Amino acid sequence: MTFAGHESTAMLLGVFHVSILHNIVHLLFGIVGFALARSAGGARAFLVGGGVIYLVLWIYGLVIDMDSVANFVPLNTADNWLHFFLGIGMIALGVLLWRSGSSVRAGSRSGRAHGGQHGA
């Protein structure tokens with residue numbers, strides 16, 4: 001396994017190209033995810049922001065030449081499709097959580113508007 005570059009012959013599950021840099025990027029992504037998961041807003045921001053990053057990586061993987069120095073992560077076709085589905089899935093979950101969080105907050109506000117206590 002090389003540190004970076006398309007020359008890496010290491011494969012994860014025989015499908016995804018990997019390198020030391022690629023592994024470091026995913027570890028950092030996970031650390032940021034754990035840190036932001038401490039709050040609902042942070043988790044939603046991680047899902048939407050991370051999804052956007054994955055979609056940018058998907059586009060990057062589509063436009064670069066896989067055998068060029070621009071493929072420094074390295075990426076292959078399987079990586080590109082994984083990034084696409086992760087990006088779409090993360091953004092969808094983030095939006096769903098945003099909407100469900102809004103309805104929960106709206107419900108709690110309406111309870112306070114009516115006195116917040118039953119039978120009072």
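Couple of notes before you dig in:
Let's see how each residue does on (1) under 25 Å from ALA92 (Cβ atoms); (2) at pLDDT 90 or above; (3) loosely packed, with under 14 Cβ neighbours inside 10 Å:
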{"residue": "MET1", "(1), (2), (3)": "no, no, yes"}
{"residue": "ALA4", "(1), (2), (3)": "no, no, no"}
{"residue": "GLY14", "(1), (2), (3)": "no, no, yes"}
{"residue": "ALA35", "(1), (2), (3)": "yes, yes, yes"}
{"residue": "GLY42", "(1), (2), (3)": "yes, yes, no"}
{"residue": "PHE46", "(1), (2), (3)": "yes, yes, no"}
{"residue": "GLY49", "(1), (2), (3)": "yes, yes, no"}
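- Residue check, LEU96 under 15 Å from VAL25 (Cβ atoms), in a helix (DSSP H, G or I), at pLDDT 70 or above and not charged (D, E, K, R): no
- Within this structure, ILE91 fails the test of being aliphatic (A, V, I, L, M), surrounded by fewer than 17 Cβ atoms within 10 Å (Cβ to Cβ) and part of a helix (DSSP H, G or I).
- Residues that are buried (at least 17 other Cβ atoms within 10 Å of the Cβ), aliphatic (A, V, I, L, M) and within 18 Å of MET90 (Cβ to Cβ) within region 54-74 comprise LEU55, LEU57, listed in sequence order.
- Of all residue pairs spaced 6 or more apart or on separate chains, those with beta-carbon atoms under 6 Å, a first member in region 27-47 that is under 19 Å from GLY87 (Cβ atoms) and a second member that is of a type in the set (A, V, I, L, M) and exposed (fewer than 14 other Cβ atoms within 10 Å of the Cβ) are ALA43/ALA37.
- Region 29-87: number of residues that are more than 20 Å from SER100 (Cα to Cα) and not in a helix (DSSP H, G or I): 13
- Residue in region 53-74 that is among the polar types (S, T, N, Q) and at pLDDT below 85 present: yes
The values are calculated or read from the model by the stated rules, or taken from the named source; none is laboratory data. These numbers were taken from a predicted model, which means no experiment stands behind them. Glycine also receives a Cβ, built like all others from the backbone with ideal geometry; neighbour counts cover every protein chain displayed.
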